[in-house]
Amino acid sequence: MSEEIEYRIKRVQAGEIQDYAYIVKEYQRQIFVYCWRILGSEQEAEEAVQDIFVSAFEKISMYKPTVGFSSWLYKMAYHHCLNLIRRKSLQRKFRINLFTSTNMTADSAAQVMERQLFSEPLSRALGQLNAEERNLLVLRIFEEKSFGEIGEIMNKSEEAIKKKYGRTKTKLKKMMEPIKEDPKCVNYKTELRNKV
């Protein structure tokens, strides 16, 4: 953590709330990108970032410099996003589906961009992971956090994070393997060709 951030945090804790704007400016973009990757929606990420920074401001007096401020903030973002995902999942279970399953809206620019950034198999595989697994990959690969930092964020030991990361990578690779044709179908196609 930079000395400037540390200085600003101490000032905010002392009641100089105008210094909080500097902290928000410093971390807002990376927390937004993190939330967007976890939630999969630009609008939800924007709302989440606002909520996270309000909550961080309310709890900043509880922050102790024994943990990096970035990790402390990511931990808040992680829990906030998990709660949003759980809430959305519950709402989906109880919602009556009034429309057919066809997509009635055009893709947003963000969705188009995301499809261009990730291959179709990767996007599909990431969508099949649970929130904790997706979060682990985002923190490690995109946010470039160490296993120690991820452990702080997710309330787990560094060793547990390393093991979970290994299992998640293996699971993701299996999901991305191309679907192999059933040999019976291949033989059937060959037989049809031979008969014609």
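Each reported figure results from applying straightforward, stated rules to the coordinates on display, with no laboratory input. Every value quoted in this text rests on a predicted model; they were computed, and no experiment measured them.
What the phi angles of region 9-15 give under the Karplus curve with 6.51, -1.76 and 1.60, with θ = phi - 60°, is a coupling list of 4, 4, 5, 5, 4, 8, x Hz, glycine and proline written as x.
Whole-Hz Karplus values for region 77-82 come out as 5, 4, 5, 5, 5, 4 Hz, taken residue by residue from phi with 6.51 cos²θ - 1.76 cosθ + 1.60 and θ = phi - 60°; glycine and proline positions read x. Across region 148-160, computed HN-Hα scalar couplings (Karplus, 6.51 cos²θ - 1.76 cosθ + 1.60, θ = phi - 60°) run x, 5, 5, x, 4, 5, 9, 6, 9, 6, 4, 5, 4 Hz from first to last residue, x flagging Gly and Pro.
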